[in-house]
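Below you'll find the structure, written out as structure tokens, and then a few comments.
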Amino acid sequence: MTYFNNISNIKYEGPKSNNPLAFKFYNPEEKVGGKTMEEILRFGVAYWHTFTEDLSDPFGAGTAIRPWDKYQGMDCAKARVEAAFEFFEKINAPFFAFHDVDIAPEGDTLAESNKNLDTIVAMIKEYMKDSKTKLLWNTVNNFSHPRFVHGAGSSSNADVFAYAAAKVKKGLEVGKELGAENYVFWGGREGYETLLNTDMKLEMDNLGRFFHMANDYAKEIGFDAQFLIEPKPKEPTSHQYDFDVASGYAFLQHYGLEDVLKFNIEANHATLAGHTFEHELHYARIHNMLGSVDANQGHPLLGWDTDEFPTDLHTTVLAMYEILKNGGLGRGGLNFDAKVRRGSFTPEDLFHAHIAGMDSFAVGLKVAQRLIDDKVLENVLEDRYKSYKEGIGLDIVEGKADLHKLEEYALGLTEIKNESGKLESIKAIINQYLLTTFAAR
Ligand code: XLS
Ligand code: NI
Ligand code: NI
């Protein structure tokens, strides 16, 4: 059975094409800096937003029209697998990602849920044999069901901790079975509403224990995926424990987990935290903690996780700059944790949205590579920090200065001269690179 009958495989047609069902900039075979776009960008399709999401919002029912809507329960889950692999092939996706409950309905008991999962995982495994699409990561949804009202690994209820742990155990087995490159832990409801009823210390200690148990079990079964945590500052709880990369890194270090997990950085979570996307990528990169990316964008006027498909080219340039400076994403990728808008309810919109996102990151990649080739930002930094290359600055960075020495030096200064940071000039150069990279050259 096929589901997207009026759509054929999406091909690269170049910037002049006006075919909405073609890539204008994403040319998977094209080499950028020695590797193909496909190898660098490692795009992933998010199962939940593309095959499970119905586009409901707090004010209204779902609007999505999906060819598998006519099925229920396990039949619907099976139809979604068929549709998913058809979609992966047509959009030419190297990867996908899912939560347990995206692919198989929860049963009345944990055992029944696991059985449903086994059936669908076996089916996915069969489809993967004939598909180039691999599993970028899987995770378990430990936040939607009412049992997780007070959290999962940070729940006030030990029975919930146990249940959440059992779901993760199964998730790790599923990841191993399907050869997942990574395994993700998004904090879900791991946070709190108010300190009036919260033992923060116990909850955070328990979360630390939770990750160690997961790591122990992954080792036990020989599942060698990269573990990732996905910071988010708020929503659904008002204080999520892994607010951003900086606080997440402090948490990992405190609990001895810095070698166990890296970060999965989501653009919209960065902006919710009051940071730019590139800030979060950069913070992770300079600490060697950048693992993978949830590629989306927030709405500039809305303060919540709107999970829009990424189309802002200035942002994709700066994101790809960080990723290239990181030497790529290793086993990670660019997972479109993004959903079509409620008004974009047709099956075709799923293709348009992915094409828009893939093209936007392809543009970002090419522009970022040019910026790197021409050492544009490297030269800016080189010049701006030159005072640390010699004299007293060199003594400071080499650890040869103390307050005595610095006082002596400062007393001898007759004038302190600062230089312009040239921000407007730098922004104009980035615009120039953006506009000229695809102009006829
Ligand atoms: C929600 C998160 C979620 C994770 C996976 O805001 O982004 O989708 O990526 O659980
Ligand atoms: Ni995400
Ligand atoms: Ni999110």
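The values are calculated or read from the model by the stated rules, or taken from the named source; none is laboratory data. Treat the numbers as computed from the prediction; the structure is a model and nothing was measured. Cβ: placed from backbone, ideal geometry, glycine included. Neighbour counts: every protein chain shown. SASA here: full protein model, heavy atoms, side chains in, ligands and nucleic acids out. Shrake-Rupley method; radii C 1.70, N 1.55, O 1.52, S 1.80 Å.
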Picking from 234, 386, 366, which is most flexible by a Gaussian network model of the chain using Cα springs under 10 Å? 386
So, with a 1.4 angstrom probe, what is the percent of accessible area on segment 24-130 that is carbon and sulfur? 50 percent
Go ahead and set up a Gaussian network model of the chain, Cα springs under 10 Å, then flag whichever of 212, 279, 287 fluctuates most. 287
For segment 206-307 the translational diffusion coefficient, Stokes-Einstein from a Kirkwood Rh over Cα pairs at 4 °C and viscosity 1.567 mPa s, in µm²/s, is roughly 92 µm²/s
May I ask you to give the average projected area over all directions of the convex hull of the Cα atoms of segment 1-154, in nm² rounded to one decimal? 12.4 nm²
Can you tell me the convex hull volume per residue for segment 74-227, based on C-alpha atoms, in Å³ to the nearest whole number? 113 Å³
With springs only between Cα atoms under 10 Å, which of 423, 318, 261 fluctuates most in a Gaussian network model of the chain? 423
Using a 1.4 Å probe, what is the accessible area per residue for segment 23-115, in Å²? 41 Å²
If you bin the C-alpha pair distances of segment 325-369 every 5 Å from 0, what whole percents do you get? 5, 18, 23, 21, 15, 10, 6, 2
Starting from the Cα coordinates of segment 5-77, work out the convex hull volume and express it per residue in Å³. 164 Å³
Please list the equivalent ellipsoid semi-axes of segment 284-441, computed as the square roots of five times the alpha-carbon gyration tensor eigenvalues, in descending order and whole angstrom. 42, 18, 15
Can you give the extra length, in nm with one decimal, that the chain gains between residue 304 and residue 400 once fully stretched, where that is 0.36 nm per residue apart less the Cα-Cα distance? 29.8 nm
Under a 1.4 Å probe, counting only protein heavy atoms, residue 159 has an accessible area in Å², nearest 10, of 120 Å²
What Rg and what Dmax come out for the chain when only alpha-carbon atoms are used, in angstroms? 23.6, 82
How large is ³J(HN,Hα) for each residue in segment 50-55, as worked out from phi by the Karplus curve 6.51 cos²θ - 1.76 cosθ + 1.60 (θ = phi - 60°), to whole Hz, x for Gly and Pro? 9, 10, 10, 4, 10, 6
Convex hull over the Cα atoms of segment 57-119, averaged projected area in nm²? 5.7 nm²
Given a Förster distance of 22 Å, the FRET efficiency implied by the Cβ-Cβ spacing of residue 376 and residue 311, rounded to the nearest 0.05, works out to 0.40
Here the FRET efficiency for residue 345 versus residue 422, based on Cβ atoms and R0 = 45 Å and rounded to 0.05, is 0.45
Restricting to the chain, compute how many DSSP beta bridges are antiparallel as a %, nearest 5. 15 percent
Please list 3J(HN,Hα) in residue order for segment 13-28, calculated via the Karplus relation 6.51 cos²θ - 1.76 cosθ + 1.60 where θ = phi - 60°; whole Hz, with x for glycine and proline. 10, x, x, 8, 5, 10, 7, x, 9, 9, 7, 9, 10, 7, 10, x
